[in-house]
Amino acid sequence: VTIHESTINQKSFTFALVSRRSTFRAGTRFNVRGVDRDGNAANFVETEQIVVYGSALASYVQIRGSIPLFWSQTPSLKYIPPPRLSESELQKEAFRRHCEAQEVQYGSQVLINLINQQGKEKPLADAFNAHVSLMGNPNIKYDAFDFHHECRNMQWQHLDKLIDRLRPEHQRYRYFAMSVEGEVINRQDGVFRTNCIDCLDRTNVVQSMLGRITLNEQLQQMGVLRAGEVSELHAGFDKLFKNSKAAGFANWWCLCWRGWCA
């Protein structure tokens, strides 16, 4: 949990970040991957960013979790041991249970898969895509983005291609907002579920981008930002936002999952 007071355009507000880690299928990196028979995913975390301005309130929820299939990555002397997909007959059922449970909890979803779409991670990526297709649920969309390939040589601008693809769902899912009178203005009607292999570094980047876009919309609606203005232009808050994400996403979850901070 991180809670900060900040000011933009001489308007003071509270910005908070709350991450809730599932108590099911707990464990550390390499030792716990994928799902169990009940559909509980390893390293599953719900993150909510909250903005309070006067009596007005806004929040936005994202989730992350290990690829919801039976797979493992046994520690060895190799720097990065290859992921291995199980041939269990329960694969399809466990995947279905996971997705349906998340649909009940959050509504429609986009499953953002950031792992390599080639090399040792390709079989896992292909299986993820195939299981989404087999399920045939119109409320669940799959979007693969090979983060390492697209952003190689520091080409971070390629992330805009992913954000552009996600924009229709982002606009449709919206966020929760309550007016100063206590009236609910918006409700969040869906969620982005992001994963990489560890659900850490690559996932942090994409969730931070989606969170920032949403935050700008929230602050504009509240009147803290002017129409078309973005929080990135305000150096003090920009630093606070990045530090909050580093503390909330990177350092704490790295400590829980890897055993050391980012």
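The values are calculated or read from the model by the stated rules, or taken from the named source; none is laboratory data. Note that the structure is a prediction, hence the values are computed from the model and not measured. Positions of Cβ are backbone-derived with ideal geometry, glycine not excepted, and every protein chain shown enters the neighbour counts. Note: accessible area is taken over every heavy atom of the protein model, side chains too, but ligands, DNA and RNA are not part of it. Shrake-Rupley method; radii C 1.70, N 1.55, O 1.52, S 1.80 Å.
Some points to look at:
- Number of the condition not met by Val224 [criteria: (1) among the β-branched types (Val, Ile, Thr); (2) open to solvent by 20 Å² or more (accessible area, probe 1.4 Å); (3) in contact (Cβ under 8 Å) with a residue 40 or more places away in the chain]: (2)
This table checks each residue for (1) assigned to a strand (DSSP E or B); (2) of a type in the set (A, V, I, L, M); (3) at pLDDT below 90.
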| position | (1), (2), (3) |
| --- | --- |
| Gln49 | yes, no, no |
| Leu57 | yes, yes, no |
| Val61 | yes, yes, no |
| Pro68 | no, no, no |
| Thr74 | no, no, yes |
| Lys78 | no, no, yes |
| Pro82 | no, no, yes |
| Ser88 | no, no, yes |
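- Phe249 part of a helix (DSSP H, G or I), modelled with pLDDT of 90 or more and in contact with a Ser or Thr (Cβ under 9 Å, 6 or more places away or on another chain): no
- The set of residues from the stretch 5-27 being in contact with a strand residue (DSSP E or B) (Cβ under 7 Å, 6 or more places away or on another chain), surrounded by 15 or more Cβ atoms within 10 Å (Cβ to Cβ) and part of a strand (DSSP E or B) comprises Ser6, Phe13, Phe15, Ala16, Leu17, Val18, Ser19, Arg21.
- Odd one out for Ala41 among (1) closer than 18 Å to Val110 by Cα; (2) open to solvent by 60 Å² or more (accessible area, probe 1.4 Å): (2)
Each row is one residue, and each column tells you yes or no for (1) open to solvent by less than 20 Å² (accessible area, probe 1.4 Å); (2) under 20 Å from Leu124 (Cβ atoms); (3) assigned to a helix (DSSP H, G or I).
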position: Asp143; (1), (2), (3): yes, yes, no
position: Asn153; (1), (2), (3): no, no, yes
position: Asp160; (1), (2), (3): no, no, yes
position: Arg165; (1), (2), (3): no, no, yes
position: His170; (1), (2), (3): yes, no, yes
position: Glu181; (1), (2), (3): no, no, no
position: Val191; (1), (2), (3): yes, no, no
